[in-house]
1. Rounded to two decimals, what is Rg over Rh for segment 115-190 when you use alpha-carbon atoms and the Kirkwood radius?
2. Might you tell me the accessible area per residue for segment 34-190, computed with a 1.4 Å probe and given in Å²?
3. In whole Hz and in residue order, list the ³J(HN,Hα) couplings for segment 159-167 that follow from phi through the Karplus curve 6.51 cos²θ - 1.76 cosθ + 1.60, θ = phi - 60°; x for Gly and Pro.
4. Give me the one-decimal nm value for the distance between modelled label points at S189 and K158, 7 Å along each residue's Cα-to-Cβ direction.
5. Just to confirm the filter: which trypsin sites (Lys or Arg not before Pro) across segment 67-98 are DSSP coil and have at most 10 other Cβ within 10 angstrom of their Cβ?
6. For A124 paired with L112, estimate the spin-label separation in nm (one decimal), with each label point 7 Å from Cα along the Cα-to-Cβ line.
7. Could you list which residues have their amide H under 5 Å from that of Y93, counting only those 5 or more apart in sequence or on another chain, with H placed in the peptide plane?
8. Post the alpha-carbon centroid distance, segment 148-190 to segment 60-82, in whole angstrom.
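The values are calculated or read from the model by the stated rules, or taken from the named source; none is laboratory data. Keep in mind that this is a model prediction, so the values were computed, not measured. Methodologically, a virtual Cβ is constructed for each residue, glycine included, from the backbone with ideal geometry; neighbour enumeration extends over all protein chains shown. All accessible areas refer to the heavy atoms of the entire protein, side chains included, with ligands and DNA or RNA removed. Shrake-Rupley method; radii C 1.70, N 1.55, O 1.52, S 1.80 Å.
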Amino acid sequence: MRLHRTAALLLLPLLAAAGCGSGTGPGADTAPPAASSPAAAPSSSAPDRPSDATSMICNPYFRQELAGALGTDIVQPLAPTWEKRVYSCEYRYAQGSMTLSVKELPDAVTALAQYDGLRGSAGAVTDLNGLGEAAYKRADGTTVVRKDSFVLTVDVAKLPETFGTPPRSRADVAVMTATTVMICWQEHSS
């Protein structure tokens with residue numbers, strides 16, 4: 001667990017300096033879309049689309065931030081889906097893939113119940129301190145984070161044991177990815 005905290009602490013200044021989704025990096029020619037605060041409950045007036053904060057996990061600006069953090073980029077375009085209030089996309093790399101998903105819930109209490117249910121059915125887990133309001137990783141490295149009325153899952157089961165440049169364990173890749181999402185949500189809620 002100490003390694004995950006250390007990795008997250010080392011990653012935070014790098015991502016903060018990079019300006020998540022700022023559109024100022026190489027190849028960025030337009031400004032990113034504005035994102036709503038993840039603290040805001042999903043809009044009941046537009047249940048047919050995810051919130052801006054949720055949509056961020058599959059947008060081109062976030063993809064660029066993640067590619068920079070992991071040292072590798074996807075080999076196929078992202079194809080986001082929105083079904084039953086779950087927004088997800090698969091990041092396909094030459095060596096494997098990971099899936100990011102966010103479940104939008106009506107409020108923080110419901111999100112807590114969803115998170116607890118997932119945690120209870122996950123088998124042996126390791127708690128991750130300092131990530132969202134609560135977080136854990138499963139035996140395969142997959143990381144689940146609860147933040148406000150959202151439950152983020154970074155499923156790395158289809159990645160090799162080590163991944164990225166420099167090579168990291170897939171569990172570290174999941175924590176780095178979840179940390180990147182949390183930084184982006186924080187940055188865009190300010």
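1. Rounded to two decimals, Rg/Rh equals 0.98.
2. 44 Å²
3. Along segment 159-167, the couplings run 8, x, 4, 10, 7, x, 10, x, x Hz.
4. Computed distance between label sites S189 and K158 equals 2.9 nm.
5. Sites meeting the loop and neighbour criteria: K84.
6. That separation, rounded to one decimal, is 2.9 nm.
7. Close amide H contacts, sequence-distant or interchain: V75, M98.
8. Each part reduced to its Cα centre gives a spacing of 11 Å.
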